[in-house]
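The values are calculated or read from the model by the stated rules, or taken from the named source; none is laboratory data. Since we're looking at a predicted model, the values are computed, not measured. Counting neighbours? That spans all protein chains shown, and the Cβs are built from the backbone with ideal geometry, glycine included. Side chains are part of the model used for accessible areas, which takes the heavy atoms of the whole protein and leaves out ligands, DNA and RNA. Shrake-Rupley method; radii C 1.70, N 1.55, O 1.52, S 1.80 Å.
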Amino acid sequence: MAEVITAYEFVPAIAALPFVSFLVALLFGDYMPKKGALAGIFAMGFSLLLSFWAVLNVAGIFPFGPGAETAHHETIWTFASGVNTFDLQLGYFVDPLSALMLTIVSLISLLVFVFSLGYMNDEGEGGLPRYYAELSLFSFSMLAFVMADNILMAFMFFELVGLCSYLLIGFWFREDGPPSAAKKAFLVTRFGDYFFLVGVVGIFATFGTGLFVTESGFPHLAEQALAGEGAVTTYLGLGEQAWFTVLGVLVLGGVVGKSAQFPFHTWLPDAMEGPTPVSALIHAATMVAAGVYLVARMYGFYLLSPTALAIIALVGGFTALFAATMGVVKREIKQVLAYSTISQYGYIMLALGSGGYVAAVFHLTTHAVFKALLFLGAGSVIIAMHHNENMWDMGGLKDEMPVTYWTFLSGSLALAGIFPFAGFWSKDEVLYEALIHGLGTPVLLVAWAMGLLAVFVTGFYTFRMVFLTFHGEPRSETAADPHGVRWNVKVPLAVLGVLAATIGFINMVPVAKLTGLHIDFLHKWLVGSEALNAEFLTGLEHYEPILKDVAGIEATYIAGGEIPTLLISAALSLGLALAGAGLAYKLYNVDEPTEHTAKLGGLQTLLMHNYYQDEYQVWLARGVTVPLAKAADTFDQSIVDGVVNSISSISLFSGERLRRIQTGVVTNYAALLTLGLVVLLVAFGVVGGWF
């Protein structure tokens, strides 16, 4: 019988193909049609097909039936190993979570490449081979990160993602803004990545492995250690539980930086200086998604630390509300979307900290679709407005750009969480998880309240953006006669517009609970498959008792109060979203809107200056870090170098004096030998009492 060929054999090609397109665009882009774009499109198209194939294999649909391998791990290369030490290796791990994420990244990257044909090529931009090469390298880095089987490999590609974002944000390096924004993004995220690096070292030192895989990975070893079935090495005199929390929080530093969570969020709004397609890729499916995906990937480890979960939830809930308030007053369309991104990833962090693993992955999925749609829609508007991003110069674009308007509206309804669009289902599940577990943990309840309040603010700033951009009368000559957009702009918008309206149906938890129908497909995909290979950590079923202890909720309570709580949560969330959208309709859906946020007075100033977080960080760098660095430099040069230099001066002085007796004259050496012999004889005579 012939051996069945599976997608698992070709998984490395999912990342390798965009790497090849990176080399092709970099070396030959100047000589190719579309300056290397076609190489990236073909590469991402094949990566998407292979990702779909991997999804089918994980689902057991094709080419074999149920009961087949639904998760696969393989080591590609071991570059360091030894006796009684840990191995450093490159490998890949495909399971329901990574297969889903590979598909998302490949799809969004492909659509961004196609959109770039209209945004970059049609605008006559220079440096296009470099742009497409960097875009391909970015996609490669994220895909390799997603399939990483160990935390060291994840860290390596995590950093490469950061490098690519630096290159792409600063693509227009001859202007003043982009290089500054690129440096800011690089430095702020590197600060968080320093803690991540220390956490990686700590994980290897503690467990002797960095694998995510359950049977041989550190989440499983940590669980065994807490159960008294194994021993691990801890440090700083801490017990195992406390030390695991320290490791989790250290890794969380990198997550907070990459996912732009408070207080490391300040780089993301400035990143709007990069090309709009880059913004779509960074904020929807790659760099910002990398952080929260890492928490989901090692979620079995985080579930062992209630303190780490509480920190994640609190940071997420606060960031969701904090960032949403700043989106209310912004004038540039991409700035509104930037703060929206920060806020929405706050919701994903809230879900993860509340034990809502499926809810977090669900919102990560829907957000990737509708935020990519909104950024690309904003790019279409920017093309039409001749690269003017100020919403107060727009208006009246609804009839002039019907495809852009209706797809953008689909994304906006999803972002605001309006039924039945995608964001309603995922955001509702996030808030439900935070509420049901927050009933037993006050910290989670506070985080849930902040997330709930952010729903109203999100509805308001989202439809403020829609009405100012598309409705009313044109408020500038450009808006009255906008530049047209071609098929390469409209096709990605149409695809994402349909997905933003429908992808939420993969996990309709409220309907599933009420009707008993099995239409919570994503939940079944991530944690409910009976064919799931127990050798791999792909869900929460193994950790459910721990999760319930963390939440302080008994299973009987959940069974008895789940549906009423679910309905209340969904109704409350939808009501607040509609209220925010309704307020925006009343204030801004007029022919000549006024800037009502000016009525906020000093609060508007505070929000326009982003709560002075940039000024605070500059003060922290210049007022604290620089003086400390100068003091350390002074200590190093005067004390440390002074001691070393003094010792060397003594050696040099002694050597200089001794060197003078090396004359090269034999008679001088004979005299010195005779004198030395006399001195020795006298010394022995004195000691021996000869005299």
In the list Gly379, Gly355, which residue meets the criterion of being on the phi > 0 side of the Ramachandran plot and either touching a Lys or Arg at 6+ places or on another chain (Cβ under 9 Å) or without any contact (Cβ under 8 Å) to a residue 40 or more places away in the chain (or both)?
Gly355
Could you pull out the residue among Glu429, Glu433 that is part of a helix (DSSP H, G or I), out of contact with any Phe, Trp or Tyr (no Cβ under 8 Å at 6 or more places or on another chain) and over 20 Å from Asn589 (Cβ atoms)?
Glu433
Heads up, the helices (runs of 4 or more DSSP H) in the stretch 472-527 (entirely inside) with at least 1 residues that are free of Cβ contacts under 8 Å to residues at least 12 places away in the same chain, open to solvent by less than 60 Å² (accessible area, probe 1.4 Å) and of a type in the set (Val, Ile, Thr) are 509-515
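Residue-by-condition table, conditions (1) open to solvent by 70 Å² or more (accessible area, probe 1.4 Å); (2) over 24 Å from the mean Cα position of the chain (by Cα); (3) farther than 23 Å from Ile61 by Cβ:
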site	(1), (2), (3)
Ala13	no, no, no
Leu27	yes, yes, yes
Lys34	yes, yes, yes
Gly40	no, no, yes
Phe46	yes, yes, no
Inside the stretch 610-641, can you point out the residues that are open to solvent by 80 Å² or more (accessible area, probe 1.4 Å) and under 22 Å from Gln335 (Cβ atoms)?
Tyr612, Glu615, Tyr616
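A quick yes/no check of all residues on (1) surrounded by fewer than 24 Cβ atoms within 10 Å (Cβ to Cβ); (2) under 18 Å from Thr478 (Cβ atoms); (3) modelled with pLDDT under 90:
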{"site": "Leu373", "(1), (2), (3)": "no, no, no"}
{"site": "Val381", "(1), (2), (3)": "no, yes, no"}
{"site": "Trp392", "(1), (2), (3)": "yes, yes, no"}
{"site": "Ile418", "(1), (2), (3)": "yes, no, no"}
{"site": "Ser426", "(1), (2), (3)": "no, no, no"}
{"site": "Glu433", "(1), (2), (3)": "no, no, yes"}
Name the residue that is farthest from the chain's Cα centre (by Cα), counting only residues in the stretch 370-422 that are in a loop (DSSP other than H, G, I, E, B) and farther than 30 Å from Phe505 by Cα.
Gly396
In the stretch 231-282, which residue that is open to solvent by 10 Å² or more (accessible area, probe 1.4 Å) and among the aromatic types (Phe, Trp, Tyr) is nearest to Phe218 (Cα to Cα)?
Trp243
So, in the stretch 573-596, how many residues would count as being open to solvent by less than 50 Å² (accessible area, probe 1.4 Å) and farther than 14 Å from Leu453 by Cβ?
9
State whether one or more residues within the stretch 333-343 are more than 16 Å from the chain's Cα centre (by Cα) and open to solvent by 10 Å² or more (accessible area, probe 1.4 Å).
yes
Among residues of the stretch 156-215 being free of Cβ contacts under 8 Å to residues at least 60 places away in the same chain and basic (Lys, Arg), the residue farthest from Asp270 (Cα to Cα) is Arg174
Candidate set from the stretch 436-449 (those that are hydrophobic (A, V, I, L, M, F, W, C) and surrounded by 24 or more Cβ atoms within 10 Å (Cβ to Cβ)); member that is farthest from Gly346 (Cα to Cα):
Leu444
Which of the following residues is open to solvent by 10 Å² or more (accessible area, probe 1.4 Å), aromatic (Phe, Trp, Tyr) and part of a helix (DSSP H, G or I): Phe157, Phe138, Phe196?
Phe157
